[in-house]
Amino acid sequence: MKCPSDGTQLARIQLEQVAIDKCHQCDGIWLDHSELKQLRNSSQPGLEEDIEEEYGNPVTQPGSIDDHMRCPVCQDVGLVGRHISYFKPVKVDGCPKCLGMWLDDQELDTLLEDKQEMNEELHSPGVMDFVKFVAGMLPKRPR
Ligand SMILES: [Zn+2]
Ligand SMILES: [Zn+2]
């Protein structure tokens, strides 16, 4: 699989029991639908409720179609940006076909900065929580 942003071959990295794809050039990560689902299912019970209690429900807004990034899985499908306001407004790029999600380094930094503040209260490792948070954003597959 190739990075949708710069075309670098993505490397598989292991995050707990789930393998995700990471670009070592731009530090973006790709999460496919099954990985997101696995991560969401592995959420520690109560975590989502805790986050919601503290920060309220996330607000998602449709963004624009990115005209240069294409889904690394489907290839012929352009990624669609979505703005998520939770801790801070960030944009994630999702594939409308396979429902995978691309997060670039800047988006990760924005989220992780806030995740770190939050983690001081929740005492849990940042990246994993962040990915679980993203997994919670997973749109339902249309029937
Ligand atoms: Zn890249
Ligand atoms: Zn796709």
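What follows is calculated from the coordinates using simple rules that are stated; it is not laboratory data. All values reported here derive from a predicted model rather than from experimental measurement. Note that each Cβ is placed from the backbone with ideal geometry, even for glycine, and that neighbours are counted across all protein chains shown.
Between Lys97 and His24, what FRET efficiency follows from the Cβ-Cβ distance if R0 is 35 Å, with the result rounded to 0.05? Taking R0 as 35 Å, the efficiency between Lys97 and His24 is 0.85. Between Arg70 and Met1, residue separation times 0.36 nm minus the direct Cα-Cα distance comes to 23.7 nm. Between Thr8 and Ser34, the modelled label-to-label distance comes to 2.6 nm, taking each label 7 Å out from Cα in the direction of the beta carbon. As a proxy for reagent exposure, ranking Cys74, Cys95 by other Cβ atoms within 10 Å from fewest up yields Cys74, Cys95.
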